[in-house]
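Working notes for the structure below.
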Amino acid sequence: MCLANAYLSAEASRPFLENITDLKLAGDDIQMETMFGEETVIQGRVLEVDFENSKIIIQPFSKSAVGDRPEENKKDGEMKQ
C-alpha cells in the first residue's frame, strides 16, 4: 500500500499531513484522510502529485485556510465544513 504525504510548498521539508490514504477535491476544498481515520480539509489547490515519492504539493489559498496545525482543521474525526 502506498501512502502519501502532503506539503504546503515544493520546498517544504516537513509534511503538513502524513499517511494519506484518500484525497478528494470538492470545489475549493481539499479533503484528506489518513490511514488512522483522521480527516482534514483545507482550501487551496493541488499543484503536483508525485507518485514516485508519494508527495502531494498543495497551495493553500490563505494561511487561515490551513491554520497553524492540521489539528485546527479537524473536529471530532469529522471534516471541517
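Bear in mind that the values in this text are calculations on the coordinates, not laboratory data. Model, not experiment: these values are computed from the prediction. No Cβ is skipped: glycine too gets one built from the backbone with ideal geometry, and neighbour counts run over all protein chains shown.
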Single residue of region 16-45 satisfying the filter (in contact (Cβ under 8 Å) with a residue 40 or more places away in the chain and in a loop (DSSP other than H, G, I, E, B)) that is nearest to PRO60 (Cα to Cα)
PHE16
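Please pick out the residue among SER9, SER54, SER13 that is touching a Cys at 6+ places or on another chain (Cβ under 9 Å) and of a type in the set (Ser, Thr, Tyr).
Criteria check complete, one pass: SER54.
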